[in-house]
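In what follows, a structure is listed as structure tokens, so that the remarks can point back to it.
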Amino acid sequence: MVSEYELPRIVDIRQGPDHLDLKEEIVRGLELQPPMLPELLLWSDRGQNLFDRYSLGPSYYPFHSELEILSKYGHEVERRMPANGAILELGCGSTRKTQSILAHFCMQQKPIQYFALDVSHQSLTENLTGLRKYLQDSPMVNITGLLGTYDDCVAWLAAGGANSMGSDSLNGLRGGVDGGINGELLTSLTILWLGNSIANLETQAKASAFLSRFGAACRDARLKCQFIVSADICRNKAKIREAYRTRRPEFRNWLLSSLEAANLALCHEAFAADDWAVADRLEGGEGSRGTMAMGIYVKPKRDLQVPLVPPGEIGNQGGEKTKAIAFRKGELVRVIRSGKWGEKCLMQVSESAGFSVQQCWRDSNGDYGEQSGR
């Protein structure tokens, strides 16, 4: 049992009570051709735990390669961080990969404010508690969890949220009354976007737009901004397929947890997990530099109807809603897409967003890359 003192500070930055009402997004996605489910459904409390366990397996090279890079070059992040700077991690998850970076601040006795963004309160509580224990409650690292989505975080940043954190946090760490370090305002922000998240977006244009939005929010808050992003640059198709082998029970359970989350969002059992199987498909990769993407899907085991509203629900016009979507046996419904980009592609995305690439790091196998830009 975690005592009150040990609880990490978590700030709810969600913009409204319906911030995660995914009903409309689920319906819109299922009506597309080809159909898809919102990726956010994978990151429920249960989904996060299932993925964390799967990612530790030896075949899932993205986790191990990224951990290698951050462990080897984490000191450079600390060295490049100016005084009165902060770190913001988007989609922090287990924080395993961030531990090595923050440990360097402790060793160098250099104060740092660490903001960890996630959509799961339970995940933030458990993982930030574990992070504090790993860092032995070092007064050098002021840890604050942010509960919300990427959109919530952009709004929070633009409104000056990074410099509005009071010092009454439950974790007892040092912080100024204005949210800065030792009472001084924060002047810069280093945003960590790890886990190949940038390459999971649909297009490179969307990835550039994402970076641009955070850059603009930092300018609104008068914070100098730099990004550290990671990308899967593996060209070995066999290795990629092995990392995403959907026949593994733990991987299949993670994917099917998205259907449970969809049922919760729709407020009725639209999906029966026993009616669905999972599938993967590696796309693209023509030539040595062509981009690739691993698509992960669920598919019905038989022809079926997915009811989008509970039976008997009354519509806005007083009529009964009976809307359902028909799916054929084996029809693919995408759950997540994992892009495989080259370093040149990642550089183009960063520069299109207005960031100048400062540093690139690779793992020892050349399968994964980290890039720093400001």
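The values are calculated or read from the model by the stated rules, or taken from the named source; none is laboratory data. All values derive from a computational prediction rather than experimental measurement. Heads up, the Cβs are rebuilt from the backbone with ideal geometry, glycines too, and the neighbour counts pull from every protein chain shown. Only protein heavy atoms, including side chains, enter the accessible area calculation; ligands, DNA and RNA are left aside. Shrake-Rupley method; radii C 1.70, N 1.55, O 1.52, S 1.80 Å.
Checking the stated criteria, Ser65 turns out not to satisfy the condition of being among the hydroxyl-bearing types (Ser, Thr, Tyr) and either assigned to a loop (DSSP other than H, G, I, E, B) or open to solvent by 20 Å² or more (accessible area, probe 1.4 Å) (or both).
Looking at the structure I just gave you, is Leu135 in contact with a Leu (Cβ under 8 Å, 6 or more places away or on another chain), free of Cβ contacts under 8 Å to residues at least 60 places away in the same chain and buried (at least 18 other Cβ atoms within 10 Å of the Cβ)? Yes; evaluated as a whole, the condition is true for this residue. Being under 26 Å from Leu22 (Cα atoms) and buried (at least 19 other Cβ atoms within 10 Å of the Cβ) is the requirement here; does Ala261 meet it? Judged against the criteria, Ala261 is a match.
Checking the condition open to solvent by 10 Å² or more (accessible area, probe 1.4 Å), of a type in the set (A, V, I, L, M, F, W, C) and at positive phi, which residue from Cys267, Cys225 passes? Steps first, answer last, please.
Numbers: Cys225 fails: at positive phi.
Result of the check over Cys267, Cys225: Cys267.
Considering each residue of the range 3-17 in turn, at least one proves to be crowded, with 19+ Cβ neighbours inside 10 Å, modelled with pLDDT of 85 or more and either closer than 18 Å to Asn200 by Cβ or touching a Cys at 6+ places or on another chain (Cβ under 9 Å) (or both). Scanning the range 66-101 for residues that are over 19 Å from Leu117 (Cα atoms) and modelled with pLDDT of 95 or more returns no hits. The selection criterion, being open to solvent by less than 40 Å² (accessible area, probe 1.4 Å) and under 19 Å from Pro62 (Cβ atoms), holds for Trp254. The residues of the range 228-251 that are surrounded by fewer than 22 Cβ atoms within 10 Å (Cβ to Cβ), assigned to a helix (DSSP H, G or I) and in contact with a Leu (Cβ under 9 Å, 6 or more places away or on another chain), listed by number, are Lys237, Arg241, Glu250.
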